[in-house]
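Data first, discussion second: the structure below is written as structure tokens.
The values are calculated or read from the model by the stated rules, or taken from the named source; none is laboratory data. No experiment lies behind these values; they were computed from the predicted model shown. Cβ atoms come from the backbone with ideal geometry, glycine included; neighbour counts cover every protein chain shown.
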Amino acid sequence: MPRHAADFIESLRRKAVSIHTITNYERDLRHFADFLKQRGATIESTDHVLLRDFLNYLYAERRLGKSSVSRKLACLKTFFKFMLREGRLKTNPAELISSPRLPKKLPAYLAEDETATIIEMPQGTSLIALRDRAILELLYASGLRVSELVGLNEDEIDMHQETIRVLGKGSKERIVPFGSFAAKAIEAYLEAKHEAGPGKPDKDGAPAFLSVRKTPRRISARDVQRLVARVRLGLKAGRRVTPHTLRHSFATHLLERGADLRSIQELLGHESLSTTQKYTHVSIQHLKKEYDKAHPKAKDGKP
């Protein structure tokens, strides 16, 4: 199993699959290998019955939800296709297994005033405050994934055109604009960063955003998640906000203000328009709320 898994992961790297997907798949395959060891089974002896047992084990003993189980099954389906294609197995045991039906979840997003509250939380002229403000402004202004933001290099920011060159999922490149508010915040941060010492380039280039430690390095996704967790305290208690919430807010606000789906798809870097279409449902909900508040015949007045 370890050899097959290593070869499979290497094949994903050659296809430029995102590091996030690779990390998840490595973990999923380790879990499956542990399960096989418990059952005294091997990859060669795995059939669809054993795979169903594994899924039941994930539900009953690991207490995983449908989305987590669905992802692990997607990993195994891709893995067994690789095994079949490479001639390491004669049949695909995952072929007969159907994925669990997932409930459709509308993306969580912030109202425009809530977004402004969060973005304006970092105050002051310290390097940390300037960096945090620039990160929040850019996340909302461009709809970047957190992985795209932390991977951003200085030479990929065009301050004159107010655009950034983004390396998205599958190493696909796109150009994304950002507005004057983000430009002002980014410029202030970069000036302060250069005065303090720009930090050393890593294997991927000169990072745009650095962690503020004794030895500065490229900021991590976890650092950005902690930042958003801190600033969300400016909202009402219990409101869950993540970096992805700002991405959802970016897309929803564009749609509500008249942007077309194709443009939003390009900005978000979605492969398929159907992925972007979920924001139309959010927009319709918003319109219904506004209708109910404003139209005299929306409700009959009964309690």
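How about region 202-214: which of its residues are touching a Pro at 6+ places or on another chain (Cβ under 7 Å) and loosely packed, with under 11 Cβ neighbours inside 10 Å?
Once the filter is applied, which keeps residues that are touching a Pro at 6+ places or on another chain (Cβ under 7 Å) and loosely packed, with under 11 Cβ neighbours inside 10 Å, region 202-214 yields nothing.
Kindly indicate which of ILE22, ILE9 is modelled with pLDDT under 90, part of a helix (DSSP H, G or I) and of a type in the set (Val, Ile, Thr). Lay out the reasoning, then the answer.
On the way: ILE9 fails: modelled with pLDDT under 90.
Result of the check over ILE22, ILE9: ILE22.
Among the helices (runs of 4 or more DSSP H) lying completely within region 169-275, list those that include at least 3 residues that are over 28 Å from LEU12 (Cα atoms) and in contact with a Phe, Trp or Tyr (Cβ under 7 Å, 6 or more places away or on another chain). Step through it out loud before you land on a result.
Details: elements: 180-196, 221-231, 243-256, 261-268.
Helices (runs of 4 or more DSSP H) meeting the threshold: 243-256.
Which residue is nearest to LEU267 (Cα to Cα), if the candidates are limited to region 152-178 and must be surrounded by 13 or more Cβ atoms within 10 Å (Cβ to Cβ) and without any contact (Cβ under 8 Å) to a residue 12 or more places away in the chain?
ARG165
Would you call ARG165 in the same structural domain as HIS20 (by TED's automatic domain parsing) and out of contact with any Ser or Thr (no Cβ under 9 Å at 6 or more places or on another chain)?
On the way: in the same structural domain as HIS20 (by TED's automatic domain parsing): no; out of contact with any Ser or Thr (no Cβ under 9 Å at 6 or more places or on another chain): yes.
Answer is no for this residue.
Being outside any loop (DSSP other than H, G, I, E, B) and without any contact (Cβ under 8 Å) to a residue 40 or more places away in the chain is the filter; apply it to region 76-118 and report the residue that is surrounded by the fewest Cβ atoms within 10 Å (Cβ to Cβ). Even if it seems obvious, please write down each step before you answer.
From region 76-118, those outside any loop (DSSP other than H, G, I, E, B) are 76-85, 112-118; that's our starting set.
Now restrict to residues that are without any contact (Cβ under 8 Å) to a residue 40 or more places away in the chain: 77, 80-81, 84-85, 113, 116.
Working: LYS77: 17, PHE80: 22, LYS81: 15, LEU84: 16, ARG85: 11, ASP113: 7, ALA116: 13.
Filtering first and then ranking leaves ASP113.
Select from region 56-91 the residues that are more than 21 Å from the chain's Cα centre (by Cα) and small (Gly, Ala, Ser) and write down the one among them that is farthest from HIS31 (Cα to Cα).
Looking at the filtered set, the residue picked out is GLY87.
If I ask for residues that are surrounded by 19 or more Cβ atoms within 10 Å (Cβ to Cβ) and among the hydroxyl-bearing types (Ser, Thr, Tyr), which ones from region 179-201 would you list?
The answer is TYR189, and nothing else.
Within the group ARG63, ARG13, which residue is of a type in the set (Lys, Arg), exposed (fewer than 13 other Cβ atoms within 10 Å of the Cβ) and at positive phi?
Numbers: ARG13 fails: at positive phi.
After ruling out the rest, the residue left standing is ARG63.
If you check ILE119, ILE157, ILE135, which single one turns out to be within 29 Å of LEU12 (Cα to Cα), in contact with a helix residue (DSSP H, G or I) (Cβ under 8 Å, 6 or more places away or on another chain) and not basic (Lys, Arg)? Write out each step before concluding.
Details: ILE119 fails: within 29 Å of LEU12 (Cα to Cα); ILE135 fails: within 29 Å of LEU12 (Cα to Cα).
Just one listed residue meets the conditions, ILE157.
Please name all residue pairs, on different chains or six or more residues apart, with Cβ atoms under 7 Å, provided the first residue is in region 127-138 and is under 14 Å from GLU191 (Cα atoms) and the second residue is among the aromatic types (Phe, Trp, Tyr) and in a helix (DSSP H, G or I).
LEU130/TYR189; ARG131/TYR189; ALA134/TYR189
Could you count how many residues in region 31-46 are surrounded by 13 or more Cβ atoms within 10 Å (Cβ to Cβ), of a type outside the set (Phe, Trp, Tyr) and either part of a helix (DSSP H, G or I) or more than 32 Å from the chain's Cα centre (by Cα) (or both)? Lay out the reasoning, then the answer.
Looking only at region 31-46, we keep the residues that are surrounded by 13 or more Cβ atoms within 10 Å (Cβ to Cβ), and these are 31-33, 35-36, 39, 41, 43, 46.
Okay, now just the ones that are also of a type outside the set (Phe, Trp, Tyr), so 31, 33, 36, 39, 41, 43, 46.
This time we only want the ones that are either part of a helix (DSSP H, G or I) or more than 32 Å from the chain's Cα centre (by Cα) (or both), so: 31, 33, 36, 39, 41, 46.
Counting residues in region 31-46 that are surrounded by 13 or more Cβ atoms within 10 Å (Cβ to Cβ), of a type outside the set (Phe, Trp, Tyr) and either part of a helix (DSSP H, G or I) or more than 32 Å from the chain's Cα centre (by Cα) (or both) gives 6.
Here are some conditions: (1) within 28 Å of THR21 (Cβ to Cβ); (2) β-branched (Val, Ile, Thr); (3) touching a residue at least 40 places away in the same chain (Cβ under 8 Å). THR242 meets all but one. Which one does it not meet?
The failed condition is (3).
Can you give me the number of residues within region 16-26 that are exposed (fewer than 14 other Cβ atoms within 10 Å of the Cβ) and within 17 Å of PHE82 (Cβ to Cβ)? Reasoning before the result, please.
Pass one, region 16-26, residues exposed (fewer than 14 other Cβ atoms within 10 Å of the Cβ): 16, 19-20, 23.
Within this subset, residues satisfying the condition of being within 17 Å of PHE82 (Cβ to Cβ) are 16.
Of the residues in region 16-26, 1 are exposed (fewer than 14 other Cβ atoms within 10 Å of the Cβ) and within 17 Å of PHE82 (Cβ to Cβ).
For LEU210, which of the numbered conditions (1) modelled with pLDDT of 90 or more; (2) within 15 Å of GLU114 (Cβ to Cβ) fails to hold?
(2)
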